[in-house]
Amino acid sequence: MKGLKERPPFQKSLACPSSRTLLSFRTERLPATISNLVSYHLSGCEFCNCELPLLAHYHNAFRGDNEPPEIPADLKILAESILKSKNQNWFRP
């Protein structure tokens, strides 16, 4: 049809604020100047407007509470030695 504008793809763009910034905006933890910029962005970005309410359900993920535990030293050494021996065998003629 003639005259219809093509819609931009529904995805985060380089101009979009990060998820952390959106979450901080949602919880009112941004300086006023940045909050104003995010608010202006939200006035024209369909993707970020959809992401914003979803972030309320995942706020703990941004606090570092869900970081994976560190690999025990013995297990790490074993894994590295296995990977090293496999890599050496791959390159032998």
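In segment 24-40, the residues that are under 14 Å from Leu52 (Cα atoms) and touching a residue at least 12 places away in the same chain (Cβ under 8 Å) form Cβ pairs under 9 Å with partners that are among the polar types (S, T, N, Q) and part of a helix (DSSP H, G or I), at six or more places apart or across chains, as follows: Phe25/Ser35; Phe25/Ser39; Val38/Thr21; Val38/Ser24.
Based on this model, can you work out whether Ile71 counts as more than 30 Å from Thr27 (Cα to Cα), at pLDDT 80 or above and surrounded by 10 or more Cβ atoms within 10 Å (Cβ to Cβ)? Answer is no for this residue.
The values are calculated or read from the model by the stated rules, or taken from the named source; none is laboratory data. No experiment lies behind these values; they were computed from the predicted model shown. All Cβ positions, glycine included, derive from the backbone under ideal geometry; neighbour counts span all protein chains shown.
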